[in-house]
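See below for the structure under consideration.
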Amino acid sequence: MKTQEYTVVGTRPIRHDGVDKVTGRALYGADFQMAGLLYGHILRSPHAHARIRRIDTSKAEQLPGVKAVVTAGDFPEVPERMVDLGEGDTPLSYARGNVLAKGKVLYKGHAIAAVAATSVHVAEEAAGLIEVDYEVLPCVLTAPEAMQDGAAILHDDLKTKEFGEQTGRVSNVAEHFRYAMGDIEAGFAQAEVMVEREFNTATVHQGYIEPHNATALWNNDGRILVWCSTQGSFSVRDVTACLLDVPVSRVRVTPMEIGGGFGGKIPVYLEPVAALLSKKTGKPVKIVMSRKDVFEGSGPTPGSHMKVKIGARKDGRITAAQAYLAYEAGAYPGAMVAPGAMCVFAAYDIANVVIDGFDVVVNKPSTAAYRAPGATNAAFAAESVVDEIAEKLGIDPLDFRLKNAAKEGTRRADGPKYRRIGCVEVIEAMKNHPHYTAPLGGPHRGRGVAIGFWFNVGLPSSCTISVSADGTVNLVEGSTDIGGTRTSIAMQAAEVLGIPAEDVHPTVVDTDSVGFTAVTGGSRTTFATGWAAYEAAQDVVRQMKERAAKIWETEAASVALDRGVFQSGDKRMTFQELAAKLDQTGGPVVGRGAVNPRGVGGSFSGCIADVEVDPETGKVTILRFTSVQDAGKAIHPSYVEGQMQGGSVQGIGWALNEEYFMNDAGSMTNSSLLDYRMPTALDLPMIDTVIVEVPNPGHPFGARGVGEANIVPPPGAIANAIYRAAGVRMNRLPMNPPAIMQAIWSQRD
Amino acid sequence: MHTKVRVQTTINGEPQEFLCEPRQSLLECLRDLLGLTGTKEGCNDGNCGACTVLMDDRVVTSCLVLGVEAQGCQITTIEGIARGSELHPLQRSFLENAALQCGICTPGFIVAAKALLDQQPNPSEDEIRLWLANNLCRCTGYDKIIRAVKQAAEQMQEVNA
């Protein structure tokens, strides 16, 4: 199919769940109510690293209104094994240990015990009555610190894996891996210009507005029913079943509406605890995190320590690139450093590359995915160095990127060879945008550019479509809808069926009611669940053609469907007319789609940022911002733009303000939305968008996931803009006023 | 210890009476006692704006108001913004402009924006940004929200013209 042939794909219908969300009727996890509901509260560690000598819950249990208290000892003892947490495997003991600490606490905010009571206030009071005897241990808070000989060790059983082999060495480095390609030394020997820089980035949080929540009922028939806000109902089901040592079929998870996730609502924190409390009380138990709990007890994204070295010839070709990426995993291994390593030089065609990645545990919350996890840190480093090289060579920064841009056939250092990609098209769109050549209009102003990549994922999705007698269809799917995916999925079914998007009624259902569907993450939902809907719609079309053939007494193969009209010879019937005749022609029509698609297409993104730096205070103002991204084919352009704008602004916050301020004792000192400073409407200009469409050959409509790549370039682009405005190359995130002033002053010295 | 207090208010135009503990916030009373869960909790310390409601036409974060303070007040929540079966122009323009993604901040934004348009029917972009700086949105980058408020203002002025 060619773009111009689409009737639904590429249009901008009103989202199906929209009215409920603008009237307050949509039910999010914390809105769930049930007769007999009890309220839970979690007691969290005040120390960043401590041995738990003793927990005494007796006083808490005696408080009137308290119905149950649980600790890690209430989990069933099960043999160690690897479990899939929705984005990669982890040892069961780590997954369980993060939900309720056993033996040791590894970060301030680590959950220790939980109370269920008749009100949330009583539960909170009771948690304060739990007595915990700690032996406080020294803590390590950054990757370089944790990697030193003699550093405090978080896990006595964690042995470093090096280049895929177990070393037997106990340390905070869970893994050291390397991607290598070509001959790095020969590559640098060819270089006529070389830049090597070191970078540090702070821990930041996804910052979703809705805190984590979960309600669980351990029912009298032994089934465990869960209602929660999650990116993956099936991963909640699987992890909950695993920690409680019951078969997955015993757990049913109903995904409520979700108030933001960005990767942070993939891990499971509360559901197994609520289930344990429910088992003890026989009542449903709801737990909702406070904002402080969200900062201290959920999964932010890694801080990092990085070095990047790039060499190029005078003609502007990069000859070699090397990166050292040490990411802070937080309390348990899994810092998303591999994705960072996959993306660090992914936008460039470079023959000689070495990338070393280190996954380092530290006494901070166990990190989770955050929109293109790992890639934003790495791109900040790489794009800063690329900019400096282009400057040294006297080449326009976009021309330099164009000269070295990855294209079809380029091999990445981690192995894959690109199919058709839109890197060049994105850079060209940046160059052609009027923003790139517009006057800056004042002193202390600068313009910076950067590009970035996210590979996107496929993974399984399921969908069914049933046809109603009035010619509409009901679409049932399992992907929780964080940003309009009900509509982008329904539109793909509508396109196949030749009916308006409004005639498809999408519903996100519980884990009993649809086939397995992986998390809403990795920019996969419109791509993969959309593909499942495409398949289910094709199945409906096949069955409907048979019905038409039956009525017309002809062969199904002779029936065609064109824009909602079935035809064979001179006979015609609309989708609606045929839908009304299903009862007489054999009964209901239900289509099914279950996919695990391979053809995922990566997305490139770029941005142009204009800033003004106040030389007296170091405050950076974003004057103008343009985001460009390859969407393959934008199914619903408004929501593609929305992803680009949202990702850009998260990138701006990461670049300029956001940071976990940790004191020496490992306590976050800014765990509120006042002090953890996310961008407000007042901090920003409009965010211009340019959607580039280089169709993904691996998707029926050419779609590429668009959720993530847009957050990757902003910090690099803003750093490059700050350089042009204030003459300082920033080597840390956030680039807040103190950091900028320090850089300006040290340059004057 | 937790003697409950009787509170008489008007919520979304209807007289409403409830019993609450003195320590319960208006947000808790709305959500847990009255079932008005359209008002959301994002931070419980007045910094995110998800729980924004109108109290005698003043914009407040209901997490920072005690339930007992609502005595004798007129409260407007997101559930009271639509006019019967017809959406408020702001609700329509939020939908038409795709001004929400996850939707958790949307009730707070719509309530706050309504208060703005009630007193300033033709706000500039800067005025909208300043007024809405109390409400955090993490999904949209605000661009489409600002446009939606502007569009609603224009449509309301056309209707009133």
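The values are calculated or read from the model by the stated rules, or taken from the named source; none is laboratory data. Worth saying up front: this structure is predicted, and the values here are computed from it rather than measured. For neighbour counting, all protein chains shown are included, and Cβ atoms are generated from backbone atoms with ideal geometry for every residue, glycine included. Ligands, DNA and RNA are stripped out before the accessible areas are found, and what is left, the full protein with its side chains, is counted by its heavy atoms. Shrake-Rupley method; radii C 1.70, N 1.55, O 1.52, S 1.80 Å.
Does A:Glu257 count as within 14 Å of chain B (Cβ to nearest Cβ) and touching a Leu at 6+ places or on another chain (Cβ under 7 Å)? First the steps, then the outcome.
On the way: within 14 Å of chain B (Cβ to nearest Cβ): yes; touching a Leu at 6+ places or on another chain (Cβ under 7 Å): yes.
Answer is yes for this residue.
For the stretch B:107-146, how many residues meet the condition of being within 9 Å of chain A (Cβ to nearest Cβ), farther than 15 Å from B:Gln91 by Cβ, open to solvent by 10 Å² or more (accessible area, probe 1.4 Å) and part of a helix (DSSP H, G or I)?
Residues flagged as within 9 Å of chain A (Cβ to nearest Cβ), farther than 15 Å from B:Gln91 by Cβ, open to solvent by 10 Å² or more (accessible area, probe 1.4 Å) and part of a helix (DSSP H, G or I) within the stretch B:107-146 amount to 6.
Give the residue that is surrounded by the most Cβ atoms within 10 Å (Cβ to Cβ), with candidates limited to residues of the stretch A:424-445 that are of a type outside the set (Val, Ile, Thr) and touching a Leu at 6+ places or on another chain (Cβ under 9 Å).
Here the residue is A:Met430.
Which of the residues spanning the stretch A:460-492 are of a type in the set (A, V, I, L, M) and outside any strand (DSSP E or B)? Steps first, answer last, please.
Taking the stretch A:460-492 as the starting set, the residues that turn out to be of a type in the set (A, V, I, L, M) are A:465, A:467, A:469, A:473, A:475-476, A:482, A:489-491.
Once the filter is applied, which keeps residues that are of a type in the set (A, V, I, L, M) and outside any strand (DSSP E or B), the stretch A:460-492 yields A:Ala469, A:Ile482, A:Ile489, A:Ala490, A:Met491.
Here are some conditions: (1) buried (at least 16 other Cβ atoms within 10 Å of the Cβ); (2) farther than 30 Å from A:Thr230 by Cβ. A:Arg44 meets all but one. Which one does it not meet?
In the conditions (1) buried (at least 16 other Cβ atoms within 10 Å of the Cβ); (2) farther than 30 Å from A:Thr230 by Cβ, A:Arg44 misses (2) alone.
Go through (1) in contact (Cβ under 8 Å) with a residue 60 or more places away in the chain; (2) away from chain B (no Cβ under 14 Å) for A:Val226 and report which single condition fails.
(1)
Residues to consider are A:Gln538, A:Gln567, A:Gln543, A:Gln576; find the one that is surrounded by fewer than 20 Cβ atoms within 10 Å (Cβ to Cβ), modelled with pLDDT of 95 or more, outside the structural domain of A:Thr689 (by TED's automatic domain parsing) and closer than 30 Å to A:Ile421 by Cβ.
A:Gln538
Does B:Leu95 satisfy the condition of being facing another protein chain (nearest Cβ under 7 Å), within 26 Å of A:Arg677 (Cα to Cα) and either in a loop (DSSP other than H, G, I, E, B) or open to solvent by 10 Å² or more (accessible area, probe 1.4 Å) (or both)?
no
Let's see how each residue does on (1) of a type outside the set (A, V, I, L, M); (2) within 14 Å of another protein chain (Cβ to nearest Cβ):
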{"residue": "A:Gly653", "(1), (2)": "yes, yes"}
{"residue": "A:Glu659", "(1), (2)": "yes, no"}
{"residue": "A:Tyr676", "(1), (2)": "yes, yes"}
{"residue": "A:Thr680", "(1), (2)": "yes, yes"}
{"residue": "A:Val712", "(1), (2)": "no, no"}
{"residue": "A:Pro734", "(1), (2)": "yes, no"}
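Taking only the stretch A:685-698 into account, find how many residues are at the interface with chain B (Cβ under 10 Å from one of its Cβ atoms) and either among the hydroxyl-bearing types (Ser, Thr, Tyr) or not in a loop (DSSP other than H, G, I, E, B) (or both).
Qualifying residue count for the region: 3.
Among the candidates A:Arg53, A:Arg12, single out the residue that is within 13 Å of chain B (Cβ to nearest Cβ), surrounded by fewer than 19 Cβ atoms within 10 Å (Cβ to Cβ) and touching a residue at least 60 places away in the same chain (Cβ under 8 Å).
Just one listed residue meets the conditions, A:Arg12.
Out of all the residues in the stretch A:130-160, which are assigned to a loop (DSSP other than H, G, I, E, B), open to solvent by 70 Å² or more (accessible area, probe 1.4 Å) and either small (Gly, Ala, Ser) or under 14 Å from A:Pro46 (Cα atoms) (or both)?
A:Pro138, A:Gly150
Yes/no per residue for (1) in contact with a helix residue (DSSP H, G or I) (Cβ under 6 Å, 6 or more places away or on another chain); (2) of a type in the set (A, V, I, L, M):
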position	(1), (2)
A:Asn404	no, no
A:Arg411	no, no
A:Pro416	no, no
A:Arg420	no, no
A:Pro439	no, no
A:His444	yes, no
A:Val457	no, yes
A:Ser461	yes, no
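Pairs needed: first member in the stretch A:284-301, over 16 Å from A:Ile112 (Cα atoms) and facing chain B (nearest Cβ under 9 Å); second member anywhere, buried (at least 24 other Cβ atoms within 10 Å of the Cβ) and of a type in the set (Asp, Glu); C-beta distance under 6 Å; at least 6 residues apart or different chains.
Qualifying pairs under 6 Å: none.
What is the one condition in (1) more than 20 Å from A:Val706 (Cβ to Cβ); (2) open to solvent by less than 10 Å² (accessible area, probe 1.4 Å); (3) under 23 Å from the mean Cα position of the chain (by Cα); (4) not hydroxyl-bearing (Ser, Thr, Tyr) that A:Gly448 does not satisfy?
Among (1) more than 20 Å from A:Val706 (Cβ to Cβ); (2) open to solvent by less than 10 Å² (accessible area, probe 1.4 Å); (3) under 23 Å from the mean Cα position of the chain (by Cα); (4) not hydroxyl-bearing (Ser, Thr, Tyr), A:Gly448 violates only (3).
Can we say A:Phe701 is in a loop (DSSP other than H, G, I, E, B) and either closer than 30 Å to A:Ala490 by Cα or within 13 Å of another protein chain (Cβ to nearest Cβ) (or both)? Explain how you work it out, then say what you get.
Values: in a loop (DSSP other than H, G, I, E, B): yes; either closer than 30 Å to A:Ala490 by Cα or within 13 Å of another protein chain (Cβ to nearest Cβ) (or both): yes.
Yes: the conditions hold for A:Phe701.
Take A:Ser45 and tell me if it is without any contact (Cβ under 8 Å) to a residue 12 or more places away in the chain, out of contact with any Leu (no Cβ under 8 Å at 6 or more places or on another chain), in the same structural domain as A:Phe234 (by TED's automatic domain parsing) and not charged (D, E, K, R).
no
Would you confirm, using the coordinates I've provided, whether B:Ala82 is in contact with a Ser or Thr (Cβ under 9 Å, 6 or more places away or on another chain) and open to solvent by less than 10 Å² (accessible area, probe 1.4 Å)?
In short, no.
Can you find even one residue in the stretch A:262-269 that is of a type in the set (Lys, Arg) and open to solvent by 10 Å² or more (accessible area, probe 1.4 Å)?
So far as the stretch A:262-269 goes, no, none of its residues is of a type in the set (Lys, Arg) and open to solvent by 10 Å² or more (accessible area, probe 1.4 Å).
Looking at (1) within 14 Å of another protein chain (Cβ to nearest Cβ); (2) closer than 14 Å to A:Arg624 by Cα, which is the one condition that is false for A:Tyr639?
Against the list (1) within 14 Å of another protein chain (Cβ to nearest Cβ); (2) closer than 14 Å to A:Arg624 by Cα, A:Tyr639 comes up short only on (2).
What are the residues in the stretch A:240-261 that are surrounded by fewer than 20 Cβ atoms within 10 Å (Cβ to Cβ), without any contact (Cβ under 8 Å) to a residue 24 or more places away in the chain and assigned to a helix (DSSP H, G or I), if any?
A:Val248, A:Ser249
Kindly indicate the residue of the stretch A:205-235 that is under 16 Å from the mean Cα position of the chain (by Cα) and assigned to a helix (DSSP H, G or I) and also surrounded by the most Cβ atoms within 10 Å (Cβ to Cβ) among those meeting that condition.
Taking the candidates together, the pick is A:Ser233.
Being within 14 Å of another protein chain (Cβ to nearest Cβ), touching a helix residue (DSSP H, G or I) at 6+ places or on another chain (Cβ under 7 Å) and surrounded by 24 or more Cβ atoms within 10 Å (Cβ to Cβ), is that true of even one residue in the stretch A:524-531?
Yes, there is a match, as at least one residue in the stretch A:524-531 is within 14 Å of another protein chain (Cβ to nearest Cβ), touching a helix residue (DSSP H, G or I) at 6+ places or on another chain (Cβ under 7 Å) and surrounded by 24 or more Cβ atoms within 10 Å (Cβ to Cβ).
Quick check, is A:Leu682 surrounded by fewer than 24 Cβ atoms within 10 Å (Cβ to Cβ) and in a helix (DSSP H, G or I)?
It is true that A:Leu682 is surrounded by fewer than 24 Cβ atoms within 10 Å (Cβ to Cβ) and in a helix (DSSP H, G or I).
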